[in-house]
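Have a look at the structure that comes next, please.
The values are calculated or read from the model by the stated rules, or taken from the named source; none is laboratory data. The model shown is predicted, which means the values in this text are computed figures rather than measured ones. Don't worry about glycine lacking a Cβ; one is built from the backbone with ideal geometry, like all the others, and counts go over all protein chains shown. Surface areas here come from the heavy atoms of the whole protein model, side chains and all, with no ligands, DNA or RNA. Shrake-Rupley method; radii C 1.70, N 1.55, O 1.52, S 1.80 Å.
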Amino acid sequence: MRKLAPNALADVIERADEVAELRPLVEQVNASRADIEIVAEKADDVASLAARAADLQALAPAVDDIQTAAAHITAIQNAPAAAQAAGEGASAAATSETNAATSASDAIAAAESVGSYTTLALANTALASIPADKGVYVTADGANNGFYVKRSGVLEKDSNATVGAVANVTNRLEWDTEEPFNLLTISSDGYILNTFDVTSQASLTEWDTEEPGGTFIVSIDGFIISVIGLVDTQAFNELVDAAEAEISAARGNKTNLSERLSFLDANGAPRTPMINAEELRWSRYKLRRILNGDTAIQFVYTVIGDSWGYGNWPNWLTKRLKAVYGDAGHGWISFRDNRTSVNAAGSGYTGTLSGSWTETIAETQGQPTVDFGIIKSAVAGAKITVAGPAGAQISEVWLHYVPTVDGQARYRWNNGSWTALDLTVGTGNARTSMVSGAPTSGSWNFEIEVVSGTVILSGADMRAASAGVRVNKIAVNGASTGSWLAPNATLWSQAFGWLDTDLVDIMLQTNDQAASVESLPDVTIASNLGLIASRCRVGSPATDILLTSPPENFFGRPRLMTDITAAVRKYAYDNNFAHLDLQNIFGRVENKSDYRSTGIHPFMLPDDIHPSADGGKLIADAKERLLMQ
């Protein structure tokens, strides 16, 4: 064993003494460390308890208030019993006059605390304390229930009404009433100012109410449904007098206000043939610029419709507009249904088919072309020939067609040289120029001939470069609103956009009135017109929309044209479309026999369904005035 030096031994002894002194401190530290760990584990609980203590301290005043309110509620709940007991004490006055007086006093205090008396006997017991000409309620005495007013020292029953509980006071006040009132008007000072559907009721009945707010309108089931800010009966009467004077002035020299307002339709618009004419701003802007001599402006008017639009009125309108504003070209010429003619706006156009062709007419919809019509041939040498009158110099001719995988054709003008047409280009629908060789003046004709493959043609858009008007007539015999929605929307909008339309005039409804679509609601017909208009604006975003409704016809169908027109007019009014109702242009509906083919103004053909030549001129005049005035 190693022996320590004397000095080293002394150091060890000294350090041992220090360790001995520190041992209790170490033990205390270890104990504290354990306590700290416990406190750390309970820190969240301590914080939660501290927060709850703060909440309880904040709620202390509210508890006092709640206890006070509970005491009040208990007193109110006990009041009827106290009143009843007091009344019974009063009835024993012969035994103890002092006790009776005390009971009556208690009854009055209890009754006033709830604003009513449970029985008429209790009310009479308290009679001396009820002020003259003031009212009280009897609430639990069977047939005696009601509202009583003290007059000449006795209680007189004024009403069977009793005050009920306050229910949701922020929204309504409940009144327990058995009176046969549909509506009460009550002033702020407690008077019924007016009653409705009451067989016998005083014009003024006092209600014991301290409710603020002016005049109350009370429903039959006892709820105040409106509060008018009047301070007294006089103010209410003054308001009534002012209202009567204003209504009297408004009706003018008419018997009543309804008669004075009869010139307005259900939309509040004047009962005139035209509404929302200001929505044709783009059309009027362009026409005014043409009149001002702007040689770079053209106005393109496109007619969508059924046989009414297919007929003569667009021809008359085209003639008139070109005479005033100038000629911007022949417009759309449809090849469909043209073994004897072509469909174009104006007169002097002819069309013939030779060889084998298949035609798609109105009864077959769904084609992607602008008037959902085509002619189709796969026979080489089959030909269509179209001729037209002289007009402004032809500057553009766009042939609309449906592409096929092998369609090849050729065209020529006025028996000139042939120009090849490759009709395989594009998908769905397409157009190509065929202006090469077009004459610069005079009448004209062109021929399109099948060379090989399958050729599908729709029509041609013929334009001039000069300022003026061009009209496209793309109406289809037999078409309804559903017919115009049958083609592919994207392809149809594209084809419509190629026409560069400034104003589209959509005139349908006649075939929607047919028995086959009688189940279609009027509002659906109106919305169908809106969908057609929307598709037009997809192709030509700036185009103006005009919805035109035909007059009542003589189909004899149960559905009235005027009913459909009312829905269309509302739709136009709500959606900022111009609308022209031809009913009063032709004649009053109640006198519609005047404009039938045998009437004094024969504006209808002998079928009494379509417009005659004079009827077409009448329509053209209405459209012209719409655009030019």
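Can you tell me which residue within the range 319-350, out of those that are of a type in the set (Lys, Arg) and part of a loop (DSSP other than H, G, I, E, B), is modelled with the highest pLDDT?
First, the residues of the range 319-350 that are of a type in the set (Lys, Arg): 319-320, 322, 336, 339.
Those still in the list that are part of a loop (DSSP other than H, G, I, E, B) too: 336, 339.
Working: Arg336: 77, Arg339: 52.
Ranking the candidates gives Arg336 first.
Still on this structure, please answer the following. Sort through Gly326, Gly311, Gly348 and tell me the only one that's under 30 Å from Met604 (Cβ atoms) and either within 46 Å of the chain's Cα centre (by Cα) or buried (at least 23 other Cβ atoms within 10 Å of the Cβ) (or both).
The match here is Gly311.
While we're on this one: Of the conditions (1) closer than 26 Å to Ser493 by Cβ; (2) open to solvent by 10 Å² or more (accessible area, probe 1.4 Å), Leu580 fails just one. Which one is it?
(2)
Sticking with this structure for a sec: For the range 455-473, state whether one or more residues are of a type in the set (Lys, Arg) and open to solvent by 10 Å² or more (accessible area, probe 1.4 Å).
Yes.
Another one. Of everything in the range 536-551, what is surrounded by 19 or more Cβ atoms within 10 Å (Cβ to Cβ) and out of contact with any Cys (no Cβ under 9 Å at 6 or more places or on another chain)? Give them in sequence order.
The answer is Cys536, Gly539, Ser540, Asp544, Leu546, Leu547, Thr548, Ser549, Pro550, Pro551.
Looking for whichever is open to solvent by less than 30 Å² (accessible area, probe 1.4 Å), of a type in the set (A, V, I, L, M, F, W, C) and over 26 Å from Leu529 (Cα atoms) here; the options are Leu353, Leu321. Which one fits?
Every option except Leu353 fails the conditions.
Here is a follow-up. Out of all the residues in the range 526-575, which are in a strand (DSSP E or B) and in contact with a Leu (Cβ under 7 Å, 6 or more places away or on another chain)?
Our first condition is that a residue be in a strand (DSSP E or B); within the range 526-575, this holds for 544-549.
Those that are in a strand (DSSP E or B) and in contact with a Leu (Cβ under 7 Å, 6 or more places away or on another chain): Asp544, Leu546, Leu547, Thr548, Ser549.
Determine if the range 399-411 includes at least one residue that is at pLDDT below 90 and in contact with a Lys or Arg (Cβ under 7 Å, 6 or more places away or on another chain).
no
Listed residues Asp563, Asp522; which is farther than 25 Å from Asn472 by Cβ, touching an Asp or Glu at 6+ places or on another chain (Cβ under 6 Å) and open to solvent by 50 Å² or more (accessible area, probe 1.4 Å)? Walk me through it before giving the result.
Working: Asp522 fails: open to solvent by 50 Å² or more (accessible area, probe 1.4 Å).
Being farther than 25 Å from Asn472 by Cβ, touching an Asp or Glu at 6+ places or on another chain (Cβ under 6 Å) and open to solvent by 50 Å² or more (accessible area, probe 1.4 Å) holds for just one of Asp563, Asp522, which is Asp563.
Sticking with this one: Look through the range 480-514, keep the residues that are assigned to a loop (DSSP other than H, G, I, E, B) and touching a Leu at 6+ places or on another chain (Cβ under 7 Å), and return whichever of them is most open to solvent (accessible area, probe 1.4 Å).
For the range 480-514, the residue satisfying everything is Ser480.
Evaluate the following for Met604: is it in contact with an Asp or Glu (Cβ under 6 Å, 6 or more places away or on another chain), open to solvent by less than 60 Å² (accessible area, probe 1.4 Å) and either touching a residue at least 12 places away in the same chain (Cβ under 8 Å) or not charged (D, E, K, R) (or both)?
In short, no.
If I filter the range 424-432 for residues that are open to solvent by less than 50 Å² (accessible area, probe 1.4 Å), over 14 Å from Ile333 (Cβ atoms), in contact with a Gly (Cβ under 9 Å, 6 or more places away or on another chain) and not polar (S, T, N, Q), do I get at least one hit? Let's see the steps before the verdict.
Start the filter on the range 424-432 by keeping residues that are open to solvent by less than 50 Å² (accessible area, probe 1.4 Å), which leaves 424, 426, 428-430, 432.
Of the ones still in play, those that are also over 14 Å from Ile333 (Cβ atoms) are 424, 426, 428-430, 432.
Then keep just the ones that are in contact with a Gly (Cβ under 9 Å, 6 or more places away or on another chain); that gives 424, 432.
Now restrict to residues that are not polar (S, T, N, Q): none.
No, because not a single residue in the range 424-432 is open to solvent by less than 50 Å² (accessible area, probe 1.4 Å), over 14 Å from Ile333 (Cβ atoms), in contact with a Gly (Cβ under 9 Å, 6 or more places away or on another chain) and not polar (S, T, N, Q).
Out of the residues in the range 592-604 meeting the condition of being out of contact with any helix residue (DSSP H, G or I) (no Cβ under 8 Å at 6 or more places or on another chain) and part of a loop (DSSP other than H, G, I, E, B), tell me which one is farthest from Trp313 (Cα to Cα).
Thr598
Consider the range 90-145. How many of its residues are within 54 Å of the chain's Cα centre (by Cα), assigned to a helix (DSSP H, G or I) and at pLDDT 50 or above?
Total satisfying the criteria: 3.
Looking at this structure, is Ser258 polar (S, T, N, Q), assigned to a helix (DSSP H, G or I) and at pLDDT below 85?
Taking the combined requirement at face value, the residue satisfies it.
Is it fair to say Phe496 is more than 30 Å from Arg281 (Cα to Cα) and of a type outside the set (Gly, Ala, Ser)? Working first, answer last.
Values: more than 30 Å from Arg281 (Cα to Cα): no; of a type outside the set (Gly, Ala, Ser): yes.
It is false that Phe496 is more than 30 Å from Arg281 (Cα to Cα) and of a type outside the set (Gly, Ala, Ser).
Also: Do you know which residues across the range 454-471 are among the hydroxyl-bearing types (Ser, Thr, Tyr) and touching a His at 6+ places or on another chain (Cβ under 7 Å)?
Ser458
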